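Visitor: Before anything else, here's the structure in question.
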2 protein chains.
Amino acid sequence: MGVTDRKEREKTEMKELIRATAMKMFLEDGYAKTSIRSIAEAIEYSPGTIYLYFKDKDELLYEVQGKAYGQLLEVFKREATSTDPLEKLRQVGRAYINFGLQNPELYDLMFIIRAPMNVDEEIHKANGGNCFAFLVDCLNDCISRNLLRLTDLHQASLLIWSTAHGLVSLNLRCRLKIMDQPEEAIPEILIKSMEDYLAAVTI
Amino acid sequence: MGVTDRKEREKTEMKELIRATAMKMFLEDGYAKTSIRSIAEAIEYSPGTIYLYFKDKDELLYEVQGKAYGQLLEVFKREATSTDPLEKLRQVGRAYINFGLQNPELYDLMFIIRAPMNVDEEIHKANGGNCFAFLVDCLNDCISRNLLRLTDLHQASLLIWSTAHGLVSLNLRCRLKIMDQPEEAIPEILIKSMEDYLAAVTI
DNA sequence: CAAATGTAATGAACAGTGTTCATTAATTGC
DNA sequence: GCAATTAATGAACACTGTTCATTACATTTG
């Protein structure tokens, strides 16, 4: 059965080619501006072919989202290594914000873009869940040691995530222009804000 | 000059008709799903007519954004009336989150949707600026009385706005599904989280 | 009042989108 | 070598925002 094996392999290779090309184009031009036709053109196939491997454009988005969550988790593991729970929490915060600042299109696609939530719910639970779990673990160390003014673990996780996401997403949508700050100062402001926030809820 | 007066009047009436119809449809179906053709059909004019009054679809969005900021400011003025600075701050937080929960499409259009930022910057400064100023004023009362653990006024404003926006927008994008909470419990969770957050940064 | 002017509205046309599906091409199994 | 299966195609469909030559109407002028 060497033939069916090869076919299987070719099929997954093709799927991977489409996935990788789509991801590259999503990150360069954004999800909305990347058309199925342009992806097809990039891999030198006809538009219809993509639909033999992916149900629709959204499914392609879900694939990339999955990869993206994996990337974020890796960043967490790489950047948040301190043995001090509070310092580790600060590292997570910094890592999250830097990730959003350095990968705007990726961040958009993970947390801001509107996409019909079909399979989405499961994909987010499976992939995003790991990232969230990292934060929860980290916070659990802080809360169980009574280092924070927040006592409900999951609520605290939600709050910290919301704050970081709020900072990143308001910036990505240029809503911080109402504060009269120079463009180049913003990354530091966001990081500083997050740190001051964590300091404020630290006992 | 009665004729030119009437023409002027008809022109502004027509513009208002388009603006109002667009807003209604944006709120019902969302910005993306509302087409120029469908707006034109709703007011029984041809698609081209809309372009005699608005440069493009984005300009229509800006108009609605302006109105929306006005609405939010009114909600602030109506809901946040306490003479106690801290209670007033809590009222602002509650009002913001409830606004987002009760007007999801409007909130989307104000803070989440992607739109080319051309005139946008000025519109946001002018309209959104008033809402932000309300929060800043409110926070100024708290900080000047030394009631909060946050000392930098503008940074504190940014933080509180980010937290509230984070809560609302993550919910709007169904990202809170990774926390296993029943749908109907979420509004209370968001409000409670915001309140506990404010409590945590209160001295 | 009739003709000329100005202007508001039209709707076909353009270039693009996601998606489908009958047709074609290639490969495999017998 | 031939039939059957599978993969790829690309035209077609129904949409999108936007433009612009054409038309219809209201107003002003002769």
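The values are calculated or read from the model by the stated rules, or taken from the named source; none is laboratory data. Just so you know, these numbers come straight off a predicted model, no measurement behind them. Positions of Cβ are backbone-derived with ideal geometry, glycine not excepted, and every protein chain shown enters the neighbour counts. To get the accessible areas, we keep the full protein, side chains included, count just its heavy atoms, and leave off ligands, DNA and RNA. Shrake-Rupley method; radii C 1.70, N 1.55, O 1.52, S 1.80 Å.
Visitor: Return the FRET efficiency for the residue pair B:ASN98, B:GLU44: r is the Cβ-Cβ distance, R0 is 51 Å, and the value is rounded to the nearest 0.05. Spell out each step's value before the answer.
Guide: Details: r = 36 Å, r/R0 = 0.71.
Taking R0 as 51 Å, the efficiency between B:ASN98 and B:GLU44 is 0.90.
Visitor: Can you give the extra length, in nm with one decimal, that the chain gains between A:ASP152 and A:LEU17 once fully stretched, where that is 0.36 nm per residue apart less the Cα-Cα distance?
Guide: Working: separation 135, 0.36 × 135 = 48.60 nm, distance 4.43 nm.
Result: 44.2 nm gained on full extension.
Visitor: Now for a separate question. In square nanometres, what is the average projected area of the Cα convex hull of the protein assembly as shown?
Guide: Numbers: hull surface 102.2 nm².
Mean shadow area of the hull around the Cα atoms is 25.6 nm².
Visitor: Loop-only check: which trypsin sites (Lys or Arg not before Pro) in the stretch B:149-203 are DSSP coil with at most 10 other Cβ within 10 angstrom?
Guide: Working: sites: B:ARG149, B:ARG173, B:ARG175, B:LYS177, B:LYS192; in loops: B:ARG149, B:ARG173.
Loop-located and lightly packed - none at all.
Visitor: Using alpha carbons only, how many degrees (0 to 90, rounded to 10) separate the axis of helix A:153-172 from the longest principal axis of chain A?
Guide: Roughly 70 degrees, rounded to the nearest 10.
Visitor: Among chain A residues, which Cβ is nearest the axis of the A-onto-B rotation, and at how many Å?
Guide: A:GLY166, 2
Visitor: If one takes the longest principal axis of the Cα atoms in chain A, at what angle in degrees, from 0 to 90 and to the nearest 10, does the Cα axis of helix A:85-102 lie?
Guide: The two axes meet at around 40 degrees.
Visitor: Follow-up question, since we're still on this one. Within 10 Å of each Cβ of A:177-189, how many other protein chain Cβ atoms are there on average?
Guide: On the way: counts 8, 12, 9, 2, 2, 0, 0, 0, 0, 0, 0, 0, 3.
Going residue by residue through A:177-189 and averaging, the value is 3.
Visitor: Next question, about the same structure. Please give the helix B:129-144 orientation as an angle from the longest Cα principal axis of chain B, in degrees from 0 to 90, rounded to the nearest 10.
Guide: 10 degrees
Visitor: Quote the Stokes-Einstein diffusion coefficient, in whole µm² s⁻¹, for the stretch A:136-203, based on the Kirkwood radius over alpha carbon pairs, a temperature of 25 °C and a viscosity of 0.890 mPa s. Walk me through the intermediate numbers first.
Guide: Working: Rh = 13.1 Å.
Answer from the Stokes-Einstein relation: 187 µm²/s.
Visitor: In square angstrom, rounded to the nearest 10, how much accessible surface does A:THR12 have for a 1.4 Å probe?
Guide: 80 Å²
Visitor: Can you give the Kirkwood hydrodynamic radius of the stretch B:1-62 from its Cα pairs, in Å with one decimal? All intermediate terms of the calculation are to be shown ahead of the outcome.
Guide: On the way: mean 1/r = 0.0827 Å⁻¹.
Computed over the stretch B:1-62, the radius equals 12.1 Å.
Visitor: Which value, in nm² and rounded to one decimal, describes the direction-averaged projected area of the C-alpha convex hull of the stretch B:64-107? Don't jump to the answer; show the numbers that get you there.
Guide: On the way: hull surface 11.2 nm².
Across all orientations, the stretch B:64-107 yields a mean hull projection of 2.8 nm².
Visitor: A further question follows. Rank these by accessible area, largest first, 1.4 Å probe: B:MET23, B:MET194. List each step's numbers first, then the result.
Guide: Values: B:MET23 25, B:MET194 5 Å².
Ranked list, largest accessible area first: B:MET23, B:MET194.
Visitor: Counting alpha carbon pairs within less than 8 Å and at least 6 residues apart, what relative contact order, in whole percent, applies to the stretch A:57-200?
Guide: Worked out over the stretch A:57-200, it gives 31 percent.
Visitor: Can you check what the net charge comes to around A:ALA68, using other residues whose Cβ is under 11 Å from the Cβ of A:ALA68 (Lys, Arg +1; Asp, Glu -1)?
Guide: On the way: positive: A:LYS67; negative: A:GLU63, A:GLU74, A:GLU105, A:ASP108.
Local net charge: -3.
Visitor: Another question, if that's okay. Looking at the stretch B:81-112, which chymotrypsin sites (Phe, Trp or Tyr not before Pro) are DSSP coil and have at most 10 other C-beta atoms within 10 Å of their C-beta?
Guide: Details: sites: B:TYR96, B:PHE99, B:TYR107, B:PHE111; in loops: none.
Taking the stretch B:81-112 and a limit of 10 other Cβ atoms within 10 Å, no loop chymotrypsin sites (Phe, Trp or Tyr not before Pro) are found.
Visitor: Can you give the mean number of other chain Cβ atoms that lie within 10 Å of the Cβ atoms in peptide A:100-113?
Guide: Details: counts 0, 0, 0, 0, 0, 0, 0, 0, 1, 0, 2, 5, 8, 3.
For peptide A:100-113, the averaged partner shielding equals 1.
Visitor: Across peptide A:150-159, how many C-beta atoms of other chains are within 10 Å of each residue C-beta, on average?
Guide: Working: counts 5, 2, 3, 0, 5, 6, 4, 1, 12, 8.
Taking all residues of A:150-159 together, the mean is 5.
Visitor: Rg over Rh of chain B, using C-alpha atoms and the Kirkwood radius, what does it come to? Write out the running numbers ahead of the final one.
Guide: Numbers: Rg = 19.9 Å, Rh = 18.9 Å.
Value, to two decimals: 1.05.
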